[in-house]
1. Name all residues of region A:134-161 having a backbone nitrogen under 12 Å from the label point set 7 Å from the Cα of C:Ile251 along its Cα→Cβ direction, giving them as ranges.
2. Towards the positive end of the charge dipole of the protein assembly as shown, with charges on Cβ (+1 Lys, Arg; -1 Asp, Glu), say which of C:Met97, B:Gly73, C:Pro176 has the farthest Cα.
3. Principal axis extents for region A:31-143, Cα atoms only, whole Å, descending order, please.
4. Rounded to the nearest 0.05, what FRET efficiency do A:Asn519 and A:Val451 have when you use their Cβ-Cβ distance and R0 = 25 Å?
5. So if R0 is 56 Å, what FRET efficiency would A:Phe330 and A:Ala19 give, r being the distance between their Cβ atoms, rounded to the nearest 0.05?
6. Can you pull out the trypsin sites (Lys or Arg not before Pro) in region B:67-111 whose DSSP state is coil and whose Cβ has at most 16 other Cβ atoms within 10 Å?
7. At most 12 other Cβ atoms within 10 Å and a DSSP loop assignment: could you name the GluC sites (Glu not before Pro) in region B:222-302 that fit?
8. Nearest 10 degrees, 0 to 90: what angle lies between the long axis of helix A:98-108 and the longest principal axis of chain A (Cα atoms)?
Amino acid sequence: MSTTQQTPAQETPFVPATATGRITNFVDERVGGSGILREFGRKVFPDHWSFMFGEVALYSFVILLLSGTFLTFFFDPSMAETHYSGPYVPLKGVEMSVAYDSTLRLSFEVRGGLFMRQVHHWSALLFVAAVSVHMLRVFFTGAFRKPRELNWVVGGVLLILSMAAGFTGYSLPDDLLSGNGLRIIDGVVKSIPVIGTYISFFLFGGEFPGTAIIGRLYMLHIMLVPAMILLMIAIHLFMVVVHKHTQYPGPGRNDRNVVGYPLGPVYAAKAGGFFFIMFGIIAFISATFQINPVWNYGPYDPSPVSAGTQPDWYIGWVDGALRLMPGWVFNIPMEWHIPFPWGTNTLSMNVLAPALIPAGIVFTLLFIYPWIERWVTRDNREHHVLDRPRNAPTRTAIGVAGFIFYCVMWAAASSDLIATHFEVSLNDALYWMRALFIVGPILGFIITKRVALALQRKDREIALHGRETGRIVRLPHGEFQEIHAQLDDYKRYKLVGFESPVPEEGIPNENGIVTKKENLRSKLSSFFFEDRVAPAAPSELEAGHHHEAITAADDDKAITH
Amino acid sequence: MGNHSDGSPTSSDAVAKAGHEEVDKFQDPGLPPHRLRLADTDPKAAKRAERQVAWLFIISIVGTLLFFVAYFGIRLDDTFGPLRLQNTLLGLGVAFAMLGIGTGIVHWARALMPDHEVAEERHAIRSEEDRLAAVQIVDDILDETGIKRRPLIRNTLIGAVALAPLPAIAIFRDLGPLPGDSLRHTLWKEGERLARDPDGTPIKASDVTIGSAFHVIPESLNSLTEGKIAAKAKAVVLLMRLNPEDLNPSQGREDWGYNGIVAYSKICTHVGCPVALYEQQTHHLLCPCHQSTFDLTQECKVIFGPAVRPLPQLPIAVDADGYLVAQSDFHEPVGPSFWERG
Amino acid sequence: MKALSQKRRHPLAALALLVMGLMLTGGLYAVVTTVNQAKADTTTYTAQEVQEGEKLFIANCATCHGLGANGTDAGPSLAGVGAAAVDFQVGTGRMPMQMQGPQARQKPKQFTTSQTREMAAYVATLGDGPALPEEQYIDGGGDAAVGGELFRVNCAMCHNAAAAGGALTRGKFAPPLAGVSSSHIYSAMVTGPQNMPVFNDTNITPEGKRDIITFLNTIENQGAPGGAQLGSLGPVSEGLFLWTVVLGVIIGFTIWLTSRTS
């Protein structure tokens, strides 16, 4: 690249020798590309497979934009009535909306149209999944800690936006499945106190389903929501550049450096190549696996419904919550009629509670968690080295509890399919899941925390005593012992290089009083850290060596095994 | 929680005492020594990797060609056969085109590009110097605007800015009409015949044998030219016939059915899915969306699931010609609850 | 029927409907007096068939249904269920029932076609009931589009829009319809086996049933244009596939991508 070899002296202007050089120089002089390249060309990125989910999400989004743009050329978001006259026999002459008709036409009559629809739908499912898995990775490794709290929030907003993008798109074909989905949304909206009925009428332009909703969702789906996603992605990536990437703990890595491969050429080649790989995987799936066959469901009509009416997976947990909620709890109706001076109003908690409370809990905790942990630990340092999940047992256990909470609702959304495929009673499946909804997160918390602590003890054991080799020797006095191979310094550091905070007493204020807030903090600190395993220390290793002379003698075998 | 630190961890040697680890800690040994790859030392291996990368790029070229063969070579007709073949082949073409490029580049990077890990220093995200400079700039700006010295300007500006977005909310008022009492009425009225969904032919009482389930619309629905779907969304009814002794009508509702024929709104009182799964032996109605179950023998009382209210019953009678007709509209709003429902 | 459904939004539709309604009412009223007469069994069985059927019945069915098929605590009376019910229940292997449960399960059939016919002949003598479907209605030559509409309104809520089956309450279920013979589908509609409601000929006309059968044959044989169908179970199987297979493949690639070569 000629631009990188500019002469330092300003007086003698750089004269490029080749045509390419002249064009590059022309652009560079006008946009300052050299400075950008100098800053980013060799920027270091740590390498780990779990760091790739952000890229999976980004690339699915790019593929969504590409395939979605193609679809807009053929899709017509109108709810006007028409009669199908295309090649698909089982719908010939059937009354349907123009939106559904154009979906069928772009699937059956536009070459590659069906493929693009399947690419679009598969990558939409993948997009939300990748955002979710990426957030799980960030949570379980503690990457949300200072200075990345705000970027965690941006990620949470992106998760919500990706669900909004998915849902608005799901409804567009105006088929029977998505139409019943919209009807459920209408029912949920109507349960909102005071303004619910009005929101419903404004949303649908009158009584459900009206003739406006598809056009409105279309505008949200192709303009507003993607624009917001793009803005959030820009902010997200800008902050990644400011913070530089986190890295897993290991020898040579600390909070003051970043160890990895330079952007050019290795990282750029891998990340760039990965885009093509992602596109290839999605194309392969779309070529061989059918998704959302709208012609099977038929056009939307308010009278029919199909067994197995479910939303796409990312809305499933809310649908599952609606299924889990009993309408009557011990003969107490969950729909309340509240007398007011002007008359009685209806509050249907059987709809409102499951639609809002679990989602409210999940997203509130998700957004404020970095601040909870920061307040409990009083840790105001920057963290660029990640925690291995086992080294933060309480956080990991909280994450697993939340994950189970989510998954029970998610599974409940397929209660009818669980019933038919595992040959159990639909009602029993729901009774069990209601129980799991309460008990599952608690059990998950306890088990995960114990497993994490056990893994930490195992790490300690290995760091201090080495790995079991399976070789048994007989000592001169007759005792049998298994030879333990000591770790080398690099491997050991990976097992011992972490922090294990201790519970803190509440700190008195200037008047010497421990406030209620400090008391709570102290209690939370105990909750987080009272069960803890400290990293192995050199003195312990030293002591161990005196005990087990035989393992020390086998040090040379430690590196290779 | 109390003093929990006497739990199991302390009994093992695994738990350290507080403050202990600060002095006694393993030192970072630094980056491990670099390990060379086969291709770094063996020119043959490097050459082999080079050829593999080239082959992957050739696979990509073949994939793109496959796309064109599938796109132009397959003629679609009325059946799914050619469509499926085309979808599969052009999809696989794109897949190979992309996977070839992607795996080729990645293989090139992994096998042939330098793989020395490098460490880069992090810099403070914000330096104290910058902060002071920024504070100074903000102070200067505020000072130059004079906003602190001129509260009149400040307060009127706050007022103006607070009010200015309101039109942006108000302008959405015309998104839809006000609900009024439209949720309380359906097409059903006295004498409206019950008709088959979707063709709209009226139903005679004698047509409905025991164990039957008819999906019903008002006879006048299909002649609507506007708002038909919205009207249908409220008016759909499920008509069933049981042995009259299986029905247990409450007081005042004894004559809402006819000879064991009863009609109930098909719209779930939970969130509005059509409750259409009728089990003719158990006389249960199940909603396929959220599994609310209604018992027809108890006037569609909820016996399972998230719904609270029973399905509204449509009072029916038989007209002079033997056709089933509605006695009136539903006596309560159909479908999901809403705030004004009362 | 199809032309009617196409044009029913036409402004003149009301008028046309009125005229047609009047004609139909008058015509039908004169012809159809009661439903049961309309479905009366017109198939003729020989006396020997009835006799053989009774023997088979006594040997295999009477334990539950009673000696005269009058019903016991373990099984309902079969008077008036018709030959179609026998053809469906025995012909799909549901009867004789293996054990009491939420509903009789389909299994390999226990009797030959002629044995089934003989039992049907016997049961048909017990009372008027739906006969075996006439050949013309199960030939699959109807209108698949009209059948599709009827199927979605009357059947899809239990059997799924793609006829993949669905759950009912307390362990009962509506089975998938792929692989079920046209005549069994017809018999199921007219007899309402287990908890399925009865769709008599005034509810869905024989032509309508023919259209439904045509629709089912069409969707069963047309295949899936987009690739493997993942059980036609909709978003749940799609989501499950994405979270397991697709994400698994992607994770495989990310591990390969970030690992060092040897």
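1. Residues A:134, A:137 qualify, since their backbone N sits under 12 Å from the label point.
2. Among C:Met97, B:Gly73, C:Pro176, the one farthest towards the positive end of the dipole of the protein assembly as shown is B:Gly73.
3. 62, 41, 23
4. Here the calculated transfer efficiency is 0.25.
5. The pair A:Phe330/A:Ala19 has a calculated efficiency of 0.10.
6. B:Arg75
7. Hits after loop and neighbour filter: B:Glu226.
8. The helix A:98-108 is inclined about 60 degrees to chain A.
Values quoted throughout were computed directly from the atomic coordinates according to the rules given, and no laboratory measurement underlies them. Please read all numbers here as calculations on a predicted model, not as lab measurements. For neighbour counting, all protein chains shown are included, and Cβ atoms are generated from backbone atoms with ideal geometry for every residue, glycine included.
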